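Comments concern the structure below.
The values are calculated or read from the model by the stated rules, or taken from the named source; none is laboratory data. Please read all numbers here as calculations on a predicted model, not as lab measurements. In this analysis, Cβ positions are derived from the backbone assuming ideal geometry, glycine residues included, and neighbour counts consider all displayed protein chains. When the accessible area is computed, the model is the full protein with side chains, heavy atoms only, and any ligands, DNA or RNA have been set aside. Shrake-Rupley method; radii C 1.70, N 1.55, O 1.52, S 1.80 Å.
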Amino acid sequence: MPECLSCVPSGITSGRGAPHAERPPGTLPQAGGAERYAEVKWRALALPTILVTLEEPSMRDSRQHTPFSRYKILRYWDSLQKLVDRQYSEAMPITAEMDLHNACNHDCIWCSVQSYRESQARAALTPNQVRHIAEGLGDVGIRGVILSGSGEPTLYPAFPEAVLSLRECGIALGLETNGVGLEGPLIQVALDHFEWVRISLDAASSEVHALTHGCAPADFERILENVRNMTRLRKSNGQATTIGLNLTAYPGNAHEIVRATELARGLGVDYLSLRVALSSDHSDWVSTLEPAFAAAASLANPPEFRVLTKLRDHRVANTSLPSCRGIGLFAAVAATGDVFLCCDARGEPSLCVGNALQEDMVSIMTGRRRQELLSRMSGATMSVCKRICTGRFEAYNEMLDYLELPAPPHVGFI
């Protein structure tokens, strides 16, 4: 297995427009390599919320691996059937992503919501508005809410109050955070109320982290200390919150994939998820990551520590979108109160189905606007989707496409 990767696709340009020099195969950016890419804006390709392992797990391991299994969707068979039958007024989302505000203390180079966040920089929900929206999400049967989105959730001044509002409505919670603000009392809040917490680390050194996240170098050690404190407190309290780290790979941090895996394992987290940023020119450099992803996977020690990843054809998301039925399983609520069909659609008026501060959530989810959009998306996606889609619903679309077949061949043989 080669020690290094060729991580520089030809034609990738910096903010000044000059192409980066090609590097011979088998070499990596050296010290300061991330800085050469710091001006390149990469959009993160978000894998489905349910991640899978690099290799297909055995049946026994699949049973142990249920927190990350794609088969969770089968527990919502009625929801799948309603989408297949085009009963859109009854097909309610299962999961929602929610923005408490749009303030963020990092400036990740691949941030897909940067322009939207900047255009709505002052948007923030009041605690009463959070409670109102939480009640609405509970009314339509939302099972889980991910606090993430356009702003860093832990910076929200009334974060503990917002968490309680959602939990009191019977909603399970997940948290995606950069980890800087996850300290002090907020660690216990996270352990008490969240089923899972994922920290976006994206590096194995303060230098690469600062260049990738557009933040102070000191943030890296601060995040590591927060993670250590969280895993220690979880162990001492006997709590069950799943704690993971994420690394979104791009040419500037690809050489730290294995080191980051070793770091994650040493911190006592449950897993490291490896994702891949999607460049604007859909370069084929992704295939060069396979050796590093495989080396990272070899460091897993399930069930104590897992490495979750899925290398895929990253061109599919933006160039081949015949339809998107799976979008009906999800919703995104912005800090303005606007409700979008999916998290990638923030700021896209054509994919907004209402405003939760002006209408009740039941009316939005059963309303004509959402029904029309879901009907249209089941036949052909909108042009805007080809520009913004990150492939989140690919696995669910495959299932729904199959279920819609009138007479699948060999259906009697399983």
Item checked: Segments 131-143, 96-108 sorted - mean Cβ within 10 Å per residue, highest first -> 96-108, 131-143
Margin query: Taking each pair of distinct Cα atoms in segment 115-165 once, what is the resulting Kirkwood hydrodynamic radius in Å?
Written below: 12.0 Å
Next item on the list: Kindly rank 73-86, 112-125 from highest to lowest mean number of other beta carbons found within 10 Å of each residue.
Entry: 112-125, 73-86
Margin query: Using Cα-Cα distances under 8 Å and only pairs 6 or more residues apart, what relative contact order does segment 132-269 have, in percent?
Written below: 22 percent
Notebook entry, point to check: In whole Hz, what ³J(HN,Hα) sequence does segment 217-234 give by Karplus (6.51, -1.76, 1.60; θ = phi - 60°), x for Gly and Pro?
Noted result: x, 5, 4, 4, 5, 5, 5, 4, 5, 4, 5, 4, 4, 5, 5, 5, 5, 4
Next item on the list: Could you look at segment 77-194 and say what percent of its accessible area is carbon and sulfur, using a 1.4 Å probe and all protein chains?
Entry: 46 percent
Next item on the list: Using packing as a proxy for protection, rank 325-335, 204-214 so that the peptide with the highest average count of other Cβ atoms within 10 Å comes first.
Entry: 325-335, 204-214
Note to self: Residues of segment 227-248 with the amide nitrogen closer than 15 Å to a label point 7 Å from the Cα of residue 304, along Cα-to-Cβ, please.
What the structure shows: 232, 235
Notebook entry, point to check: Under Stokes-Einstein, with the Kirkwood radius over Cα pairs standing in for Rh, what whole-number D in µm²/s applies to segment 184-242 at 20 °C and 1.002 mPa s?
Noted result: 173 µm²/s
Margin query: Could you tell me the extents of segment 121-262's C-alpha atoms along the three principal axes, largest first, rounded to whole Å?
Written below: 47, 39, 25
Notebook entry, point to check: Semi-axes, largest first, in whole Å: what does sqrt of 5 times each Cα gyration tensor eigenvalue give for segment 87-140?
Noted result: 27, 16, 9
Check: So what is Rg over Rh here for segment 342-414, counting just Cα atoms and using Kirkwood for Rh?
Finding: 1.08
Check: Using θ = phi - 60° and the Karplus curve 6.51 cos²θ - 1.76 cosθ + 1.60, what whole-Hz ³J(HN,Hα) does each residue of segment 356-364 get, with Gly and Pro shown as x?
Finding: 6, 8, 10, 9, 7, 5, 4, 5, 5
Checklist line | Projected label distance in nm at residue 290 and residue 105, using a 7 Å step from Cα toward the beta-carbon | finding: 4.1 nm
Checklist line | Part-to-part distance (alpha-carbon centres) for segment 350-414 and segment 213-256, which is given in Å | finding: 34 Å
